[in-house]
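Everything on this sheet refers to the single structure shown next.
The values are calculated or read from the model by the stated rules, or taken from the named source; none is laboratory data. Quantities reported herein were computed from a predicted structural model and do not represent experimental measurements. Cβ: placed from backbone, ideal geometry, glycine included. Neighbour counts: every protein chain shown. Accessible surface is based on the protein model in full, side chains and every heavy atom, while ligands, DNA and RNA are left aside. Shrake-Rupley method; radii C 1.70, N 1.55, O 1.52, S 1.80 Å.
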Amino acid sequence: MMVRPAPGLGELLHYVGELVDRGAGEVYDSLGMSYRPRYTPVLRAMSLGATTVTDITALTHVTQGAISQAVGLMVADGLIAREQLPDGRKSGLSLTVKGCELLELLQPHWETTFAAIVGLEQEVGFPLRRVLGDAATALESKGFAARLQEARQLRNQRGTPLLSAGAAPVRNWFDRGGQTYARFRPEYPARLSMFLASLAPCAALAVDVGCGSGQLTAQLAPYFDTTIGVDPSGDQLDNARPRERIRYLRASAEVLPVPARSASLVTAAQAAHWFDRPAFYSEVRRIAVHNAVLALISYGVMQLEPDLDGRFERFYRSEIGPYWPPERKLVDSGYADIDFPFDEYPAPPMQIRKDWDLNELLGYLSTWSAVRRAEEAGKSEVLQAFAADLTDLWGDPTTPRQVTWPVNMRLGIM
């Protein structure tokens, strides 16, 4: 049986574009119009005063080559007239009578089109145009070729084995710091931020408290005009990736540098068990708008594939267990035992899933506070013995294995 490969970004964008153009074409046919959807950017730009291919390109998100091709077809269809400009270097463009009549006919259809886009965004629960616009801006700033080169370099770095099969583990592979945290901490599923945004009474401001290096902060950003990530650690914030509509502030959860009555969503992901919660809750009440949502989020103990899980459970419960701080019990219980003095909203079941090779899994373990405490207590041999056992069980260390975490939430309405 053939397994369908996961689609790449270009493939998905091309397919979505085809589906949109196909649907638009069917509507044009039903209206008795002989019209190509690719003409739309040209007509809209010319309706705003564009008179050259360069003008049209500047007003649209279409390449100059594609605009030139569309203009050539529109000249052949009698919609556009082309004339030489006085400088002799460019062709001036103007709509013919036929083109003007078509433009007038299309204006109400375009209004309907944008209403359909809004309906599509509401159905999928995702601000498609905003996200695609952000992606375009990011790619204009740094091209995809440069990003491919960076990804290749990172892959090569990760491919340098921290542990070679059949060899003794390298000491001190449990490195520390915000850079390691940002690289290896698992990302929450996309539907989490989508779900939280759907509960918020408005999209003005979200505040992610104890944000670390900004994993959840970045996922929330497409849904809000402004998202603030707050963390007391400068090292963590130094490794947060800058993005539009995100501000990172160094502060504690108990004294939030956020104006009163401004936040429609406040989150704390894998962090609330460290807070002075009465003081934090007081701050949440201060900054929350009416009907704002507070979400305390945690992910539980990871689960590995059956042939690995038994050894991991022994490491987690017995060997590293004594080095977990008492607050860890709140995470293990999914925050079920945490004090939470708010009217609660039910949370749907969610799960984080990663396909990690051995180095990625060990990199994640290096971010654990219990691992750092064990090293400080002179128990590195416990860590290295587990790493050696896991290496033997894993097989080829570059082979991805499935890792999952249950996502737990307590949701309160202010």
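Take the conditions (1) surrounded by fewer than 16 Cβ atoms within 10 Å (Cβ to Cβ); (2) aliphatic (A, V, I, L, M); (3) in contact with a Gly (Cβ under 9 Å, 6 or more places away or on another chain); A271 misses just one of them, which is (1).
Are there any helices (runs of 4 or more DSSP H) wholly within region 1-107 with 2 or more residues that are among the polar types (S, T, N, Q), under 31 Å from the mean Cα position of the chain (by Cα) and modelled with pLDDT of 80 or more, and if so which? Working first, answer last.
Values: elements: 9-30, 40-47, 53-59, 64-76.
Correct list: empty, since no element meets the threshold.
Being more than 18 Å from L294 (Cα to Cα) and either at pLDDT 90 or above or in a helix (DSSP H, G or I) (or both), is that true of even one residue in region 165-178? Yes, region 165-178 contains at least one residue that is more than 18 Å from L294 (Cα to Cα) and either at pLDDT 90 or above or in a helix (DSSP H, G or I) (or both). Set side by side, the residues D339, D332 differ, and just one is touching a helix residue (DSSP H, G or I) at 6+ places or on another chain (Cβ under 7 Å), open to solvent by 50 Å² or more (accessible area, probe 1.4 Å) and of a type in the set (D, E), which is D339.
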